[in-house]
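So the structure is just underneath, and the comments pick up after that.
The values are calculated or read from the model by the stated rules, or taken from the named source; none is laboratory data. None of the values given here were measured: they were computed from a predicted structure. Positions of Cβ are generated from backbone atoms using ideal geometry, with glycine treated the same way; all protein chains shown enter the neighbour counts. Heads up: the accessible areas ignore ligands, DNA and RNA and are worked out on the full protein's heavy atoms, side chains in. Shrake-Rupley method; radii C 1.70, N 1.55, O 1.52, S 1.80 Å.
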Amino acid sequence: MESHGAGLRRVFLLAFCVAGIWAAYIYQGVLQETVSTKRFGPDKKRFEHLAFLNLAQNVVCLIWSYLMIKIWSNGRNGGAPWLSYWSAGITNTIGPAMGIEALKYISYPAQVLAKSSKMIPVMLMGALVYGIRYTFPEYVCTLLVAGGVSTFALSKTSSKTISKLANPNAPLGYGLCFLNLAFDGFTNATQDSITARYPKTSAWNIMLGMNLWGTIYNMIFMFGWPNATGYDAIQFCKQHPEVAWDILLYCLCGAVGQNFIFLTISRFGSLTNTTITTTRKFVSIVVSSLLSGNPLSEKQWASVFMVFSGLSYQIYLKWKKLKRAQKKRKST
């Protein structure tokens, strides 16, 4: 009975994590799309300063992680020094800025699909630079994702969707997304290197260090000279308080979502977290299509299913690999 109760609690905790990640990031996606496409006020102006979202997110997550460390660290030390995050802070500033900027040129579903193809640059770099050999099923996953994204990009987008974009330009939008993935790859590799050198570094330490440098870099970029775009963004928020409220909610969703991600990884592992976040991206596309009036053609829906079939197959391969490793450990 005791083990049954523990198993039930674990199921409820997993359901809680899934609900938290989905609610936070799906709503954040809706807000991101709203800020990038909506016309505010009687003058029907767009909020053109999308890079300001990154600065706001950095500041909120910096405060959030600092509070979490103060509440939960119990005075523990031994984490990585703040200076070690400076290089990852640069790529983590530029990468997300490019991802958000892409929403001026392509729709939100297109951006989500493009950013879901993270495995493609990772495998290309691994094969070309490091000579890593991948299995046939891994290449199948990559081909499904690459084919799906390519087909979606080449499919005709509805005039209603195009009319919502600030400056429709598919090649530029997809180019920004793939640059975003390249910078994210460097960021992730640097974070892995930091945790390997400083094993006592917690997720909250990483979050604090990354957002500290992100805040510094974005502050310089947004307010570093008299006519910098940050001043225009602040002025726009003063004139249109509605956008300021959307930005605050966007940042809080990101901070809350990271809480649930850290909880999921600590209790259920990174594979479970990958599964939850991958399915969340699919649901985000469906929600965007239904709520935001971004109708997808049958060909585009087929592309979406192709991409997520590839991602699902990749998750299944990782699960099988994990099971084999666990079985091997038990037998030794």
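If R0 is taken as 30 Å, the Cβ-Cβ distance between Ile234 and Trp86 corresponds to a FRET efficiency of 0.70.
Computed across the chain, the Kirkwood hydrodynamic radius from all distinct Cα-Cα pairs reaches 21.4 Å. Over 28 Å apart at the Cα level, from the set Lys281/Lys321; Lys115/Lys164; Lys156/Lys318; Lys281/Lys323, are Lys156/Lys318. Over the residues of the chain, the helix contribution to mean residue ellipticity at 222 nm works out to -27000 deg cm²/dmol, using -39500 (n - 2.57) for each DSSP H run of at least 4.
Going by the alpha-carbon gyration tensor, a ≥ b ≥ c the square roots of its eigenvalues, is region 109-222 rounded (a/c under 1.5) or, if a/c is not under 1.5, prolate (a/b greater than b/c) versus oblate? Please list the in-between numbers first.
Numbers: a/c = 2.80, a/b = 1.25, b/c = 2.24.
Note, shape of region 109-222 comes out oblate.
Full extension from Phe305 to Glu138: what is 0.36 nm times the residue separation minus their Cα-Cα distance, to one decimal in nm?
Between Phe305 and Glu138, full extension yields an extra 58.4 nm.
The calculated Kirkwood hydrodynamic radius for region 244-310 is 13.9 Å, given to one decimal from all distinct C-alpha pairs. Note on the chain: with neighbouring protein chains present and a 1.4 Å probe, carbon and sulfur make up 66 percent of its accessible heavy-atom surface.
Potential lengthening of the chain between Leu8 and Thr278 amounts to 94.7 nm, from the contour at 0.36 nm per residue minus the alpha-carbon distance. Ligands, DNA and RNA are left out, and with a 1.4 angstrom probe the accessible area of the chain is 54 Å² per residue.
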